[in-house]
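Single-structure report; data block below.
The values are calculated or read from the model by the stated rules, or taken from the named source; none is laboratory data. As the structure is a computational prediction, the values presented were derived from the model and not from experiment. Don't worry about glycine lacking a Cβ; one is built from the backbone with ideal geometry, like all the others, and counts go over all protein chains shown. Just the protein is used for accessible areas: all its heavy atoms, side chains included, with ligands, DNA and RNA removed. Shrake-Rupley method; radii C 1.70, N 1.55, O 1.52, S 1.80 Å.
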Amino acid sequence: MSISIFKLISKGKKMDRRQFTKSAITAAMATVAARAGFAQVDAKDVSEGKTEAFKSLFAPNFGQLNESTKGMSRVDKVKYFYDCGFRGIEDNGMPARPVEEQIAIGKALEKLGMTMGVFVAHAEWKAAPMSGNRLDLSKRVVDKAACREFWKQKMENAVEVAKRCNAKWCTVVPGLEDPMVEPEYQFANVAEHLKWCADIVEKSGLVIVLEPLNIKNHPSLWLKRIPQAYALCKAVGSPNVKILDDLYHQQITEGNLIQNIDASWDEIAYIQVGDVPGRKEPTTGEINFKNVFRHLWDKNYRGIIGMEHGQSDKTLEGDKKLLRAYRSVDVA
């Protein structure tokens with residue numbers, strides 16, 4: 001019970017039973033929240049239903065709101081995200097987590113009616129196992145069979161991870177360019193490997209989402225642009241291979257975000273965001289996310305919008321700032 005309630009009683013001020021009970025509950029919630037680190041979700045707001053769900057399906061990750069969730073397990077953090085108004089999460093690192101934790105996160109999401117976003121099935125940073133059929137670029141060894149086996153293991157593992165945490169999408173970064181292979185042959189190689197991968201995941205319903213990454217942060221990767229990803233998905237021709245359009249990367253590489261969304265719309269399955277420059281939350285850079293989110297909404301997109309970025313301020317006040325930013329750009 002709060003000191004303020006005691007003061008009202010000690011001063012002889014009248015308080016009916018309903019008012020007393022509401023005040024006591026609010027005070028108790030505030031105490032629990034403070035002890036648990038729930039500082040930015042005001043207890044009064046929770047009790048009066050003011051932390052309603054975001055209209056857009058924004059999905060934070062476990063690297064965000066850390067000051068407000070100190071000491072929490074990831075399962076408890078999922079519940080905390082829900083209390084903040086989020087109805088989805090994503091977790092690139094899910095495959096590396098213990099199986100028991102993957103299952104527990106999946107159960108928590110299911111209980112809360114939340115959507116699991118992407119995890120990374122595989123992001124290749126050092127070799128060209130798709131574009132050039134080479135697992136080691138320091139050698140001139142082309143081994144298509146070895147590359148097939150490499151991707152087979154990655155996809156089979158992704159299917160199992162997805163089952164545990166109720167995921168529908170997994171991210172794939174095909175790897176580096178191969179300087180020994182002509183660009184057109186590289187394209188054909190990547191398409192052929194992805195058809196093979198699609199056959200592996202098809203029965204489970206898992207969708208591989210291909211993420212083009214920007215040329216500033218990742219200059220040697222093969223997949224860079226949305227038009228390139230669009231042509232690739234058309235070549236693969238599978239409902240299980242689609243585009244992850246990360247607007248942070250595409251603002252750097254090509255800009256023209258809305259027109260590229262429209263042009264590649266039938267192959268986009270997933271959206272991620274981060275502002276430019278800096279890759280922090282919306283409102284910290286140059287992208288007009290309020291317009292972009294309205295455009296997505298008007299196109300009837302109700303899928304995940306992954307919060308694939310850092311925080312401009314990692315303090316407790318920074319956690320509040322991130323939440324305010326997403327409230328300000330959500331569709332009205």
- Select from region 86-108 the residues that are touching a Pro at 6+ places or on another chain (Cβ under 9 Å), closer than 14 Å to residue 59 by Cβ and outside any loop (DSSP other than H, G, I, E, B) and list them in ascending order. 88, 89
- Query: On the given criteria, is residue 162 surrounded by fewer than 19 Cβ atoms within 10 Å (Cβ to Cβ) and not polar (S, T, N, Q)?
  - Reply: no
- Consider only pairs whose beta carbons are under 6 Å apart and that are at least six residues apart or on different chains; among these, list those whose first residue lies in region 109-129 and is outside any strand (DSSP E or B) and whose second residue is β-branched (Val, Ile, Thr). 117/304; 118/171; 124/173
- Of those in region 125-148 that are buried (at least 18 other Cβ atoms within 10 Å of the Cβ) and hydrophobic (A, V, I, L, M, F, W, C), the residue farthest from the chain's Cα centre (by Cα) is 137
- Looking across region 155-209 at residues that are part of a helix (DSSP H, G or I) and aromatic (Phe, Trp, Tyr), the single one that is nearest to residue 228 (Cα to Cα) is 187
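One line per residue, one yes/no per condition, for (1) open to solvent by less than 10 Å² (accessible area, probe 1.4 Å); (2) of a type outside the set (D, E, K, R):
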{"position": "198", "(1), (2)": "yes, yes"}
{"position": "204", "(1), (2)": "no, yes"}
{"position": "213", "(1), (2)": "yes, yes"}
{"position": "225", "(1), (2)": "no, no"}
- Every residue from region 61-85 that is open to solvent by less than 30 Å² (accessible area, probe 1.4 Å), assigned to a loop (DSSP other than H, G, I, E, B) and over 24 Å from residue 158 (Cβ atoms): 65, 84, 85
- Query: How many residues are more than 21 Å from the chain's Cα centre (by Cα) and open to solvent by 50 Å² or more (accessible area, probe 1.4 Å) when one looks only at region 231-240?
  - Reply: 2
- Members of region 57-89 found to be over 15 Å from the mean Cα position of the chain (by Cα) and of a type in the set (Phe, Trp, Tyr), listed by number: 80
- Task: State which residue is least open to solvent (accessible area, probe 1.4 Å) when the search covers only region 255-285 and only residues that are closer than 19 Å to residue 117 by Cα and among the small types (Gly, Ala, Ser).
- Result: 274
- Close pairs from region 50-78: first more than 29 Å from residue 300 (Cβ to Cβ), partner among the polar types (S, T, N, Q), Cβ under 7 Å, at least 6 apart: 67/315; 68/40; 77/69
